[in-house]
Amino acid sequence: MKRLKALMTEIGMSTTRRPKELLPLVWQLICYPPKMPVRPAQQQLLEEALTTWLSVPDPHFARRDLRFPVYQWGSGPKTILLSHGWGSKASDFSELIGLLRTLPEVRILAFDAPGNGLAEGELSNLLLFKQSFREVALQQKGAPRSLHAVIGHSLGAMAAVLAVPELPALPRALVSLAPMVRLKANFVATLESAGIPPPVQQLFLKEFEARFGLPATAFDLPENDRLPANVQHHLFYDPEDPIAPGRYQQELLQVSPHIEAHMVSGCGHHKILNHAGVLKRIIDIIALA
């Protein structure tokens with residue numbers, strides 16, 4: 001968080017620079033995930049896990065393979081894969097993991113995406129989240145389904161929705177908690193909150209498209225929800241969430257009527273992970289899947 005605050009201060013002092021001079025700071029603002037320390041209870045949870053390491057290539061920033069940790073609790077036949085959000089980590093699912101461990105025959109997997117938690121990498125992006133999710137999922141073996149269920153939060157939920165249809169075997173259930181729905185809109189909101197002038201915003205979006213080969217809008221979920229109807233997709237959201245706005249959730253729900261919506265007012269973007277009612281409903285969904 002200290003680096004992010006310093007970056008915001010530097011941007012605030014640099015708004016008179018020419019657009020191209022501001023771009024390096026803008027890339028850091030968008031692609032540097034803030035780091036939060038692990039709480040004692042979270043550390044205990046990690047110590048109880050079986051930890052392995054996988055890697056994914058990062059051709060856009062580090063230009064090398066990045067290693068990231070995968071945590072496992074339990075060894076049952078029903079595998080549940082968790083996908084955390086931006087500036088987050090696997091242990092931020094601690095309350096949910098504690099409840100999932102009470103279910104019979106489960107194996108819970110979670111990972112720190114590159115640039116987050118204990119994973120390698122300084123900068124990160126949606127594609128690294130998606131690639132890491134896919135790498136963990138493809139390590140799971142067993143027919144007819146490699147995964148029993150998937151639970152994602154924020155950018156991790158967006159990555160899961162994009163990655164799951166590409167898996168050779170689909171989970172029975174997918175739970176999206178306050179998913180990021182429109183990537184470009186999130187970028188613009190972040191840049192505007194930092195006082196980045198519109199010409200610099202447009203220059204960044206052009207550079208993004210040149211670097212990744214696609215415009216930011218190409219990842220938006222309403223245009224990319226390819227989940228078949230036999231995958232139970234549950235979406236939990238707060239209509240007043242300023243990070244994943246309710247209007248975007250509604251746009252996704254309108255084009256994907258097979259998604260079961262759960263509106264939870266007042267919990268916000270991050271507290272939805274620990275909301276008692278949400279957690280209870282998730283456990284019911286997983287138990288019945």
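Per the Cα gyration tensor, the stretch 18-126 maps to an equivalent ellipsoid with semi-axes of 31, 15, 11 Å, ordered largest to smallest. Note on residue 60 and residue 230: their simple-model spin labels are 3.3 nm apart, each label 7 Å out from Cα toward Cβ.
Could you calculate, for the stretch 28-71, the ratio of the Cα radius of gyration to the Kirkwood radius, expressed as Rg to Rh? Numbers along the way, then the final one.
Details: Rg = 13.8 Å, Rh = 12.8 Å.
Ratio of gyration radius to Kirkwood radius for the stretch 28-71: 1.08.
So between residue 95 and residue 138, what do we pick up on full extension, going 0.36 nm a residue minus the alpha carbon distance? Don't jump to the answer; show the numbers that get you there.
Numbers: separation 43, 0.36 × 43 = 15.48 nm, distance 2.60 nm.
Here the answer is 12.9 nm.
Orientation-averaged projection of the chain equals 14.4 nm² [convex hull of Cα atoms, one quarter of hull surface area]. For the stretch 102-240, the percent of C-alpha pairs falling in each 10 Å distance bin, counted from 0 to the bin holding the largest distance, reads 10, 37, 35, 14, 4, 0. Across the stretch 118-135, computed HN-Hα scalar couplings (Karplus, 6.51 cos²θ - 1.76 cosθ + 1.60, θ = phi - 60°) run 8, 6, 6, x, 9, 9, 9, 6, 4, 5, 5, 4, 5, 5, 5, 4, 5, 4 Hz from first to last residue, x flagging Gly and Pro.
When the Cα positions of 87, 193, 174 are compared along the charge dipole of the stretch 84-209, 174 comes out farthest toward the positive end, with charges on each C-beta of Lys, Arg, Asp and Glu.
Run the helix sum for the chain: -39,500 (n - 2.57) per DSSP H stretch of 4+ residues, divided by residue count, reported at 222 nm to the nearest 500 deg cm²/dmol.
On the way: 10 runs with 110 residues, N = 289.
So the helix-based figure for the chain works out to -11500 deg cm²/dmol.
Spin-label pair residue 276-residue 192: with each label point 7 Å from Cα along the Cα-Cβ axis, the two points sit 3.7 nm from one another. A cut-off of 5 Å between modelled amide H atoms, ignoring neighbours fewer than 5 places along the same chain, links residue 150 with 81, 173, 174, 175.
Longest span of the chain, sites excluded, free of GluC sites (Glu not before Pro) in DSSP loop with at most 12 other C-beta atoms within 10 Å?
On the way: sites that count: 48, 105, 240.
Of all site-free stretches, the longest is 106-239.
Could you tell me what % of all Cα pairs in the stretch 133-212 have separations over 19 Å? Percentage above 19 Å: 51. Across the stretch 279-289, rounded Karplus estimates of 3J(HN,Hα) from the backbone phi angles (6.51 cos²θ - 1.76 cosθ + 1.60, θ = phi - 60°) give 4, 4, 5, 4, 4, 4, 4, 5, 5, 8, 5 Hz, Gly and Pro being marked x. Under the classification rounded if a/c is under 1.5, otherwise prolate if a/b is larger than b/c and oblate if not, where does the stretch 227-289 fall, given a ≥ b ≥ c as square roots of the Cα gyration tensor eigenvalues? Judged from the Cα gyration tensor, the stretch 227-289 comes out oblate (a/c at least 1.5, b/c at or above a/b).
In the stretch 147-289, Cα pairs under 8 Å separated by at least six residues give a relative contact order of 27 percent.
At an R0 of 41 angstrom, the distance between the Cβ atoms of residue 103 and residue 240 translates into a FRET efficiency of 0.85. Compared with the rule-of-thumb size 2.2 N^0.38 Å for a compact globular protein, the stretch 86-180 has a Cα radius of gyration ratio of 1.04. Take the Cβ atoms of residue 8 and residue 48, set R0 to 25 Å, and the FRET efficiency comes out at 0.10. How many lysine pairs does the chain hold where the Cα atoms are under 17 Å apart and the two sit 8 or more places apart or on different chains? Pairs that pass both the separation and distance tests number 10.
State whether the stretch 163-254 is rounded, prolate or oblate according to the following rule on the C-alpha gyration tensor (a ≥ b ≥ c being the square roots of its eigenvalues): a/c under 1.5 gives rounded; otherwise a/b larger than b/c gives prolate, and the remaining case gives oblate. Taking the square roots of the gyration eigenvalues as a ≥ b ≥ c, the stretch 163-254 is oblate.
Once you reduce the stretch 81-125 and the stretch 142-205 to the center of their Cα atoms, the two points are 15 Å from each other.
Laboratory data are not the source of any read-out in this text; all were calculated from the coordinates shown. As the structure is a computational prediction, the values presented were derived from the model and not from experiment. Heads up, the Cβs are rebuilt from the backbone with ideal geometry, glycines too, and the neighbour counts pull from every protein chain shown.
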